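**Q** Before anything else, here's the structure in question.
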Amino acid sequence: MNLPPMGDSALFPARELDTPALLVDLDRLDANIQRMAAAARKAGVSLRPHCKTHKCPEIARMQIAAGAEGITVAKLSEAEMFADEGFDDIFIAYPIIGEHKLRRAARLGGQIRLIVGVDSFEGALGLVKACDREGVNVAVRVEVDLGLNRSGVAPDKAVDLVQNVIDLGLDLDGLYGYRGSGYPGATGTLAERGRQEADLLLGVAEACRARGIKIKHVSLGSTPTGIAAAQVPGITEIRPGTYVFHDNMQVAQNVCTPADVALTIAVTVVSRPAPDLATVDAGSKTLAGDIVPAGAGLTGYGQVVEIPGAYVARMSEEHGVIQLPPGAEVKIGDRLHLIPNHVCTAVNLSDVLYGVRDGQVETIWPVMARGMRG
Ligand SMILES: Cc1ncc(COP(=O)(O)O)c(C=O)c1O
């Protein structure tokens with residue numbers, strides 16, 4: 001079919017779209033955005049959603065309209081794109097390393113309110129040199145490793161790094177951390193994990209204050225733990241991302257129900273290689289290879305909405321082989337919908353998202369920050 005230009009309002013049946021296609025249920029998207037905004041408001045914390053999930057300025061605008069104070073991104077190129085789109089309060093929750101990138105960050109810091117994550121003395125020093133050269137100052141949050149062992153300074157070294165940041169003349173804005181729900185040695189309910197990560201980060205904030213250092217923001221992330229963390233007095237901001245769409249990982253952890261999942265992938269059955277298998281036209285070019293951690297009762301790379309118990313068992317680039325439960329009736333040409341395990345990586349593989357209400361495509365959003373690695 002001939003599609004209208006991207007970003008325009010369109011109205012045609014979603015079933016006319018060629019597959020695979022990423023469909024966003026606009027009512028569910030709106031409900032998810034409102035629910036998280038209300039939870040943050042009720043807890044008295046700022047909401048700075050991570051835009052890595054949707055990578056779309058239009059959805060970020062909806063989040064801001066619902067009360068988010070600014071946005072979070074992982075990459076400088078994403079920050080540049082969102083700034084070009086008019087966003088003027090952006091947190092890059094990722095260490096920026098390398099002279100050229102630091103120069104770009106400093107330039108961006110001269111145009112908008114930019115907050116940059118720092119987790120090393122090298123990073124802080126590079127940033128201050130770049131800022132001095134450009135004659136600007138950017139706000140800095142020191143990242144503390146809360147147990148994910150991915151990035152962030154160890155809690156017992158954090159106060160020294162914070163002091164370094166101040167001594168170098170950078171504008172300290174606070175502390176941040178990210179642990180999510182699955183980290184080495186994770187224990188307790190999601191609510192308990194949220195409170196634990198909050199206590200860990202607040203402990204570092206207290207240690208800084210004991211040295212006379214002013215800490216404005218104490219910022220935590222994650223869709224599964226963010227709301228619980230927000231209840232802990234002293235936490236000032238949360239940065240959930242996945243909540244806009246949700247996915248199998250969230251369903252598996254009871255963070256949401258399947259009825260809250262706002263993004264599905266429309267696919268077509270192209271072959272029936274065996275009575276218990278159906279092959280669809282979405283493989284690893286459409287679904288990333290994330291798997292739900294063992295023990296959650298969800299196998300494979302994606303679940304089929306229409307057939308409980310059916311899942312994508314194998315993938316090659318263009319083929320997704322669905323394992324069917326006994327008695328499932330599936331014909332070549334049938335259209336099915338998949339829930340991805342990890343929605344952020346699935347979105348990153350797609351050029352556009354189709355916003356759908358009552359079976360009609362209402363809008364087409366380009367995934368403008370897809371593939372932005374730098
Ligand atoms: C630094 C950081 N903050 C916030 C988030 C958002 O967490 P979630 O996707 O669970 O909502 C992420 C996700 O990876 C992250 O890496």
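**Q** Using per-residue counts of other Cβ atoms within 10 Å, averaged over each peptide, order 226-232, 323-329 from highest down.
**A** Final packing ranking: 226-232, 323-329.
**Q** Let me ask another. Mind checking the per residue accessible area of the chain for me, 1.4 Å probe, whole number of Å²? It would help to have the intermediate numbers written out before the result.
**A** Working: 15720 Å² over 374 residues.
It amounts to 42 Å² per residue over the chain.
**Q** Excluding ligands and nucleic acids, what accessible area in Å² is computed for E206 using a 1.4 Å probe, to the nearest 10?
**A** That residue has around 100 Å² of solvent-accessible surface.
**Q** Another question, then. At 222 nm, what value in deg cm²/dmol follows for the chain if DSSP H runs of at least 4 each add -39500 (n - 2.57) and the sum is divided by all its residues, to the nearest 500? List each step's numbers first, then the result.
**A** On the way: 10 runs with 111 residues, N = 374.
Theoretical 222 nm ellipticity from helices: -9000 deg cm²/dmol.
**Q** Next question. Which whole-number percent is the relative contact order of segment 284-358 (Cα, under 8 Å, 6+ apart)?
**A** Relative contact order here is 33 percent.
**Q** What order do V305, V267 take when sorted by accessible area (1.4 Å probe), most exposed first? Could the numbers behind the result be given before it?
**A** On the way: V305 80, V267 0 Å².
Largest to smallest exposure gives the sequence V305, V267.
**Q** Not counting ligands, DNA or RNA, and with a 1.4 Å probe, what is M368's accessible surface area in Å² rounded to the nearest 10?
**A** Approximately 70 Å² of M368 is accessible to the 1.4 Å probe.
**Q** Right, another one. Once you have the Cα-Cα distance between A259 and S284, take 0.36 nm times their residue separation minus that, and quote the gain in nm to one decimal. Don't skip to the end; give the middle numbers.
**A** Numbers: separation 25, 0.36 × 25 = 9.00 nm, distance 2.53 nm.
Roughly 6.5 nm would be gained on extension.
**Q** So, one more: Expressed as an acute angle from 0 to 90° and rounded to the nearest 10, what is the orientation of the C-alpha long axis of helix 190-210 relative to the principal long axis of the chain?
**A** Approximately 20 degrees, to the nearest ten.
**Q** Turning to a different aspect of this structure: Taking the Cα centre of each part, how many Å lie between segment 344-374 and segment 42-72?
**A** 17 Å
**Q** Using 0.36 nm per residue of separation minus the Cα-Cα distance, give me the extension gain between V136 and D334 in nm, one decimal. Walk me through the intermediate numbers first.
**A** Working: separation 198, 0.36 × 198 = 71.28 nm, distance 5.74 nm.
Gain in length upon complete extension: 65.5 nm.
**Q** When only C-alpha pairs under 8 Å and at least 6 residues apart count, what is the relative contact order of the chain, in percent?
**A** On the way: 822 pairs, mean separation 79.0, N = 374.
Rounded, it is 21 percent for the chain.
**Q** Give me the angle, in degrees from 0 to 90, between the Cα long axis of helix 155-167 and the longest principal axis of the Cα atoms of the chain, rounded to the nearest 10.
**A** The answer is roughly 60 degrees.
**Q** What FRET efficiency comes out for the pair S316/Q34, r = Cβ-Cβ distance, R0 = 45 Å, nearest 0.05? Don't jump to the answer; show the numbers that get you there.
**A** Numbers: r = 40 Å, r/R0 = 0.88.
For R0 = 45 Å, the calculated efficiency reads 0.70.
**Q** Next question, about the same structure. Taking the mean number of other Cβ atoms within 10 Å as a proxy for protection, how do you rank 341-349, 163-171 from highest to lowest? Display every interim value, and only then the final one.
**A** Working: 341-349: 22.4, 163-171: 16.6.
Going from most to least packed, we get 341-349, 163-171.
**Q** Here's a follow-up. To test your reading of the geometry: what angle, between 0 and 90 degrees and rounded to tens, separates the Cα axis of helix 26-43 from the longest principal axis of the chain?
**A** Tilt relative to the chain: about 30 degrees.
**Q** Could you check how much of the accessible area of the chain is carbon and sulfur, as a whole percent, using a 1.4 Å probe? Don't skip to the answer; put the middle values down first.
**A** Details: 7940 of 15720 Å².
Carbon and sulfur: 51 percent of the exposed surface of the chain.
The values are calculated or read from the model by the stated rules, or taken from the named source; none is laboratory data. What you see is a predicted model, and the numbers here were worked out from it, not measured in a lab. Cβ: placed from backbone, ideal geometry, glycine included. Neighbour counts: every protein chain shown. Just so you know, the surface numbers come from the protein's heavy atoms only, side chains and all, with ligands and any DNA or RNA stripped out. Shrake-Rupley method; radii C 1.70, N 1.55, O 1.52, S 1.80 Å.
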